[in-house]
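The values are calculated or read from the model by the stated rules, or taken from the named source; none is laboratory data. Remember, it's a predicted structure, so these values are computed and weren't measured experimentally. Neighbour counts run over all protein chains shown; Cβ positions are idealised from the backbone, glycine included. Keep in mind that these areas ignore ligands, DNA and RNA; they rest on the heavy atoms of the full protein, side chains included. Shrake-Rupley method; radii C 1.70, N 1.55, O 1.52, S 1.80 Å.
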Amino acid sequence: MTVLVTGATGNVGRHVVAGLLEKGVPVRAMTRTPARASLPDGVDVVRGDLADPGSLDAALAGVDRAYLFPLPGTAEEFTARAAKAGVRRIVVLSSVAAEYADGDYSGDHHTAVERAVEASGLEWTHVRPGEFMANLLDWWAPSIRAEGVVRAPFGSTRSTPVHEADIADVAVSALLEDGHAGKAYCFSGPESLAKTEQVRVLGEVLGREIRFEELTPDGARTLWLRQGMPPEAVDWLLQDPVDVPVGPTAEQVTGRPARTFAQWVADHRADF
Ligand SMILES: NC(=O)c1ccc[n+]([C@@H]2O[C@H](COP(=O)([O-])OP(=O)(O)OC[C@H]3O[C@@H](n4cnc5c(N)ncnc54)[C@H](OP(=O)(O)O)[C@@H]3O)[C@@H](O)[C@H]2O)c1
C-alpha cells in the first residue's frame, strides 16, 4: 500500500508523513518544490501542484490512499484523477467551519472540497479541526522574537486551539484503519484558553517575559492587512468574538489524550 500525502511540507502534512513512516507505510509526498521540501529519508518525494491538475497524474500513479490538503478550485479534478489512478480512500484536511451555515468564508472553502470527495464514489473521511495552535507561528512568533510582545484583539476571548500533531494523528488513523469511512470528525484542543492565558503559558514555557498589548479591531485590521493577510480572512477573523468551548478532541479517534498548549509551545521553542 502506498499513501500519497499532498500538502506534505505543511504544518499537518509533515506530521502525516512522519506518522505513516513510523507505521512502516510507504509514503509518496507531493510538493511544488522538491528541492526545498526537506522531507525524511525513505519518502518518495514527487513534484506536483494541487492548483495544476495536469501535474497530479504522476503523483497519483500506483497510490492506494491519499491525504488531501484542501484547495476548492481543483478538488473535483483531483478526485476524478485519483479515482482513475486506482485510489480507493481519501482523507480530507477540512475544518470545523464546514459544520457552519452556508456563506461562511472558511466553511464554504472546506465544504467545496468535502462535497467533491463525497461525490467521487471513493471512501472518504473528513478531518475537521478547529483553530490551529500553529497559527501563532505566523501571527505571534515574529513580534515575540523581535520584541517579546504579542499584539492581538479580543484578549479575553477563549479559544480551544489544536496541536498539528493531533490533527495528523487523526488523519493517519483514518488513512490506515478500518471503520472511519463516511465519518466527519470535528475536534477542538483539550483546553479553553483566553489569549492572555496563552501569552502567560508562552512566557512560562519559554522562560521569559512576554507582554500582551490588546489591539482594537480597527488596529488589528490595519496590522493584518499590512502583513498581507487577505481582506476576506481579516473580516472573518474580526467577526463578533465568541468563546469556543472544548468539544470532542482528537482522542475520540486516536484514543490518546490531546496535546496541550504548553506541550505545543515546548515543541516549537526554537520558533519563538
Ligand atoms: N489555520 C487554522 O486555524 C485552520 C483551522 C481549520 C482548518 N484549517 C485548514 O488547514 C489548512 C492548513 O494546513 P497546514 O497548516 O498543514 O498547511 P500549510 O502549512 O499552510 O500548507 C501545506 C502545504 O500545501 C502546499 N500548498 C499550500 N497552499 C497551496 C496552494 N494554494 N496550492 C498548492 N499547494 C499549496 C504547500 O506545499 P509546497 O509549497 O511544498 O507545495 C504547503 O507547504 C488551511 O488551509 C485550512 O484549509 C486551518
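Helix-only estimate, please: 222 nm mean residue ellipticity of the chain, summing -39500 (n - 2.57) across DSSP H runs of length 4 or more and dividing by its residues, to the nearest 500.
Working: 12 runs with 107 residues, N = 272.
Roughly -11000 deg cm²/dmol at 222 nm, from the helical runs in the chain.
Quote to one decimal, in nm, the extra length available between Arg88 and Arg151 on full extension: 0.36 nm per residue of separation minus the C-alpha distance between them.
Working: separation 63, 0.36 × 63 = 22.68 nm, distance 4.56 nm.
So the chain would gain 18.1 nm between Arg88 and Arg151.
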Exercise. With a 1.4 Å probe and every protein chain left in place, tell me how much accessible area Thr222 has, in Å² to the nearest 10.
Key: 80
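As a test of reading the structure, rank Arg158, Arg211, Arg256, Arg36 by solvent-accessible area (1.4 Å probe, protein chains only), most first. Mind showing how you got there, number by number?
Working: Arg158 80, Arg211 105, Arg256 125, Arg36 180 Å².
So the residues, ranked largest to smallest area, are Arg36, Arg256, Arg211, Arg158.
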Practice problem: Mind checking which of Ala66, Ala83, Pro26 is farthest towards the positive end of the stretch 1-110's charge dipole, using Cβ charges of +1 (Lys, Arg) and -1 (Asp, Glu) about the Cα centre? | Solution: Pro26
Quiz item: Based on the alpha carbon coordinates of the stretch 94-245, what radius of gyration and maximum Cα-Cα distance (Dmax) apply, in Å?
Solution: 17.3, 53
Self-check item: Cα gyration tensor shape for the stretch 1-100, rounded if a/c is under 1.5, else prolate or oblate
Solution: rounded
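Kirkwood hydrodynamic radius for the stretch 164-229: how many Å is it when counted over pairs of different Cα atoms? Numbers along the way, then the final one.
Working: mean 1/r = 0.0634 Å⁻¹.
That comes to 15.8 Å for the stretch 164-229.
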Exercise. Take the Cα radius of gyration of the chain and divide it by 2.2 N^0.38 Å, with N its residue count; two decimals is plenty.
Key: 1.02
Quiz item: the stretch 126-192 to the stretch 210-272: how many Å between their Cα centroids?
Solution: 8
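May I ask you to derive the relative contact order of the chain, considering only C-alpha pairs under 8 Å and at least 6 residues apart, and to give it as an integer percent?
Working: 521 pairs, mean separation 46.1, N = 272.
It comes to 17 percent, rounded to a whole number.
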Quiz item: In nanometres, what is the gap between the two model label sites at Glu204 and Glu251, each 7 Å from Cα along Cα-to-Cβ?
Solution: 1.9
Quiz item: When the solvent-accessible surface of protein heavy atoms is calculated with a 1.4 angstrom probe, in what order do Trp224, Trp236 fall, highest first?
Solution: Trp236, Trp224
Quiz prompt | Residue-normalised accessible area of the chain, given per residue in Å² at a 1.4 Å probe | solution = 46
Practice problem: At 7 Å along the Cα-to-beta-carbon direction for both Asp243 and Ala270, put a label point, then send me their distance in nm to one decimal. | Solution: 3.8
Exercise. Whole Å is fine, so just give me how far the alpha carbon centre of the stretch 82-113 lies from that of the stretch 1-80.
Key: 16
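If I compute solvent accessible area with a 1.4 Å probe over the protein chains, what percent of it on the chain is carbon and sulfur?
Working: 6160 of 12550 Å².
Ligands and nucleic acids excluded, carbon and sulfur reach 49 percent.
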Quiz item: For labels at Lys183 and Arg47 in the simple 7 Å Cα→Cβ model, what's the distance in nm?
Solution: 3.9
Quiz item: So how do Leu4, Leu39 rank on accessible area, 1.4 Å probe, biggest first, that is with the largest at the start?
Solution: Leu39, Leu4
Quiz item: Picking from Pro248, Ala262, Ile144, whose Cα lies most toward the positive end of the charge dipole for the stretch 126-272 (charges on Cβ: Lys, Arg +1; Asp, Glu -1)?
Solution: Ile144
